[in-house]
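The structure under discussion appears below in the form of structure tokens.
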Amino acid sequence: MAKITKSPWLLHYDGSSCNGCDIEVLACLTPVYDVERFGIINTGNPKHADIFLVTGGINEKNKAVVKQLYDQMPEPKVVVAVGICACNGGVFKDAYNIIGGVDKAIPVDVYVPGCAARPEAIIDGVVKALGVLDEKQKAFKAAKKQKGENK
Amino acid sequence: MNDTLILRIISAVLYILLGGLFSGFLAGLDRKLAARMQGRRGPSVFQPFYDIGKLFSKETLALNHGQFVIAFSFLMLIVATGVLFFAGVDILLVFLALSTAAMFLVFAATSSNSAMSTMGAQREMMQMLAYEPMVLITAVGFYMATGIMNNGVGSFKIMDIGSNDLPAIIYLPGIFLGFLFILTIKFRKSPFDISTSHHAHQELVKGVTTDLSGRNLGMIEVAHWYENTFLLGVVGLFFLCNEWWSIPLAVVAVLVVYFLETFIDNISARVKWELMVKLAWGVTIVCGGLNLLVLEYIF
Ligand code: SF4
């Protein structure tokens, strides 16, 4: 059976980051880091994505957006919070509009700290997320089988 | 007669069995090559197969039940097009089947309310508008070239086109160039990847396939593989004749053309649809039209 970890397509969303982390995420796609060699594609489309990569914290405005993007992704899926802002709000934590990290809106599987998170750290985080994704795929298949038997 | 019939059936069956695999492998090679051209390592050549396997194992979020039926019809019609082609029937019928199949991709996109999907569908239709004249001229060109080589008895039958004394390309260099041009549109490669793109990070998200996921998207991808094999088959047909050496020649031509497509994809940026239509029609009129005139009045 096909391993989802061999073809992880990711969706990158910029919450309220300073763009520092976003630059690093994009740097992962350049020839220097070339994440496509793991089969990773930056899809920009929640319906095609397996990994949801969020940079920046959650505010009142983007909370619903992040939730909707998450809901539009087909199972199995994982969420990676990139940068300290995405982990817990970071330097913007005390700003009046910031609610906190990504886990204030959706369940987060992997936290990648750093300000900005370095490409190496982001790749490590994604690889860790692949492990989680693998587990989730197994659970997803088992649930599907269960459902089939109950029918 | 019976021998050729068996040969036709075998090639049609081979197409069903291997047509998808062949283009899937080519797609992997394409990504590897593209990566190397950009100084990257690139994914494994089997990456497209991993992707398809994953898509079929994922949850399918369908907006309506129709999506599955439409995506499935698209796949089946594309396979039927290729089967008709490799079985050597009338090339007009083959191109007609191809257009019908293409409409199902547009249906699949318009079955959702998403703006990206709808816009992708409109652009897909613009693409059809751009390449369709050249497709017809190609069929007519094959007919006339066969006629010249057979004392005035032309034929639309692929069997006859592929078994002349000389490869059709000798009489159809202009039409071949025109066909190469629209091939980039058909392969949805840059600069003409306007209805969808291999890389979704763009203004249109993923165009026609934006709202398809899981199994439905997987079927569309497999259909594109079959479509590509068929189109490369048409490229090969330009080089086939009743000599044995024409077969390796056709294979080499197909590989060179595919390499060229990858190369062009890498060195060009997407154009607007207006320019695409103008360019495509310009090339059709100049290369295709002139070639037809020469065939008509000189030979
Ligand atoms: S973690 Fe630092 S670099 Fe990243 S978005 Fe926050 S402030 Fe910017």
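The values are calculated or read from the model by the stated rules, or taken from the named source; none is laboratory data. If you're wondering where the values come from, they're calculated on a predicted model, not measured in any experiment. Methodologically, a virtual Cβ is constructed for each residue, glycine included, from the backbone with ideal geometry; neighbour enumeration extends over all protein chains shown. With ligands, DNA and RNA removed, areas are computed over all heavy atoms of the protein, side chains included. Shrake-Rupley method; radii C 1.70, N 1.55, O 1.52, S 1.80 Å.
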Check on B:Ser163, part of a loop (DSSP other than H, G, I, E, B), surrounded by fewer than 23 Cβ atoms within 10 Å (Cβ to Cβ) and over 16 Å from the mean Cα position of the chain (by Cα): yes
Spot the failing condition for A:Gly100; the list is (1) crowded, with 17+ Cβ neighbours inside 10 Å; (2) more than 10 Å from the ligand (Cβ to nearest atom); (3) on the phi < 0 side of the Ramachandran plot; (4) at pLDDT below 90, and only one is missed. (3)
Between residues in the range A:32-43 that are facing chain B (nearest Cβ under 7 Å) and residues that are basic (Lys, Arg), which pairs lie under 6 Å by C-beta distance while being six or more apart or on different chains? A:Asp34/B:Arg40; A:Asp34/B:Arg41; A:Arg37/B:Arg41; A:Gly39/A:Lys6
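Could you go through the range A:81-96 and let me know if any residue there is away from the ligand (no atom under 11 Å from the Cβ) and surrounded by 18 or more Cβ atoms within 10 Å (Cβ to Cβ). Steps first, please.
Going residue by residue through the range A:81-96, those that are away from the ligand (no atom under 11 Å from the Cβ) are A:94-96.
When the remaining residues are screened for being surrounded by 18 or more Cβ atoms within 10 Å (Cβ to Cβ), the result is none.
Checked the range A:81-96: no residue is away from the ligand (no atom under 11 Å from the Cβ) and surrounded by 18 or more Cβ atoms within 10 Å (Cβ to Cβ).
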Within the range A:70-102, tally of residues that are closer than 30 Å to A:Ala142 by Cβ, part of a helix (DSSP H, G or I) and over 11 Å from the mean Cα position of the chain (by Cα): 2
Which pairs have Cβ atoms under 6 Å, sit 6 or more apart or on different chains, and link a residue in the range B:9-26 that is in contact (Cβ under 8 Å) with a residue 60 or more places away in the chain and open to solvent by 10 Å² or more (accessible area, probe 1.4 Å) to one that is of a type in the set (S, T, N, Q) and in a helix (DSSP H, G or I)? B:Phe22/B:Thr229
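So for the range B:253-270 (the condition being within 21 Å of the chain's Cα centre (by Cα) and farther than 19 Å from B:Ala27 by Cα), does at least one residue qualify?
Start the filter on the range B:253-270 by keeping residues that are within 21 Å of the chain's Cα centre (by Cα), which leaves B:253-270.
Checking the rest, the ones that are also farther than 19 Å from B:Ala27 by Cα come to B:269-270.
Yes - at least one qualifying residue is present in the range B:253-270.
Table: residues versus (1) on the phi < 0 side of the Ramachandran plot; (2) aliphatic (A, V, I, L, M).
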position	(1), (2)
A:Ser17	yes, no
A:Gly20	yes, no
A:Val35	yes, yes
A:Ile40	yes, yes
A:Gly44	no, no
I'd like the residue in the range B:181-229 that is of a type in the set (Lys, Arg) and part of a helix (DSSP H, G or I) and, out of all such residues, is surrounded by the most Cβ atoms within 10 Å (Cβ to Cβ). B:Lys186
Residues located in the range A:62-71, provided they are more than 15 Å from A:Gly100 (Cα to Cα) and buried (at least 17 other Cβ atoms within 10 Å of the Cβ): A:Leu69, A:Tyr70
Filter the range B:263-275 down to residues that are part of a helix (DSSP H, G or I), surrounded by fewer than 20 Cβ atoms within 10 Å (Cβ to Cβ) and touching a residue at least 40 places away in the same chain (Cβ under 8 Å), then give me how many there are. 4
Consider A:Pro113 carefully, then state whether it is touching a residue at least 12 places away in the same chain (Cβ under 8 Å), closer than 27 Å to B:Phe56 by Cα, more than 14 Å from chain B (Cβ to nearest Cβ) and open to solvent by 30 Å² or more (accessible area, probe 1.4 Å). no
Checking B:Tyr258 against (1) at pLDDT 90 or above; (2) open to solvent by 10 Å² or more (accessible area, probe 1.4 Å); (3) over 30 Å from B:Ala62 (Cα atoms); (4) out of contact with any Asp or Glu (no Cβ under 9 Å at 6 or more places or on another chain), only one condition comes out false. Which one? (4)
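For the range B:283-299, enumerate the residues that are more than 30 Å from B:Phe25 (Cβ to Cβ) and under 20 Å from the mean Cα position of the chain (by Cα). Steps first, answer last, please.
Keep residues of the range B:283-299 that are more than 30 Å from B:Phe25 (Cβ to Cβ), which gives B:284-299.
Answer for the range B:283-299, where residues must be more than 30 Å from B:Phe25 (Cβ to Cβ) and under 20 Å from the mean Cα position of the chain (by Cα): B:Thr284, B:Cys287, B:Gly288.
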Looking only at the range A:19-35, filter to residues that are of a type outside the set (Ser, Thr, Tyr), more than 16 Å from the chain's Cα centre (by Cα) and more than 14 Å from the ligand (Cβ to nearest atom); which one of those is nearest to B:Lys54 (Cα to Cα)? A:Asp34
In the range B:61-72, which residues are open to solvent by 30 Å² or more (accessible area, probe 1.4 Å) and polar (S, T, N, Q)? B:Asn64
If I ask for residues that are outside any helix (DSSP H, G or I) and crowded, with 20+ Cβ neighbours inside 10 Å, which ones from the range B:81-110 would you list? B:Gly88
Over the range A:49-61, the set of residues open to solvent by 10 Å² or more (accessible area, probe 1.4 Å) and either at the interface with chain B (Cβ under 7 Å from one of its Cβ atoms) or assigned to a loop (DSSP other than H, G, I, E, B) (or both) is A:Glu60, A:Lys61
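Okay, residues lined up against (1) in contact with a Leu (Cβ under 7 Å, 6 or more places away or on another chain); (2) more than 8 Å from chain A (Cβ to nearest Cβ); (3) in a helix (DSSP H, G or I):
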| position | (1), (2), (3) |
| --- | --- |
| B:Leu18 | no, yes, yes |
| B:Ser23 | no, yes, yes |
| B:Leu26 | no, yes, yes |
| B:Arg40 | no, no, no |
| B:Pro48 | no, yes, yes |
| B:Asp51 | no, no, yes |
| B:Thr60 | no, no, no |
| B:Val69 | no, yes, yes |
| B:Met76 | no, yes, yes |
Residues of the range B:30-60 classified as within 21 Å of A:Glu135 (Cα to Cα), touching a residue at least 40 places away in the same chain (Cβ under 8 Å) and open to solvent by less than 50 Å² (accessible area, probe 1.4 Å), total: 5
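Among B:Pro43, B:Pro48, which is the only one that is in contact with a Lys or Arg (Cβ under 9 Å, 6 or more places away or on another chain) and under 24 Å from B:Ser117 (Cβ atoms)?
Working: B:Pro43 fails: under 24 Å from B:Ser117 (Cβ atoms).
B:Pro48 is the lone residue from the list that is in contact with a Lys or Arg (Cβ under 9 Å, 6 or more places away or on another chain) and under 24 Å from B:Ser117 (Cβ atoms).
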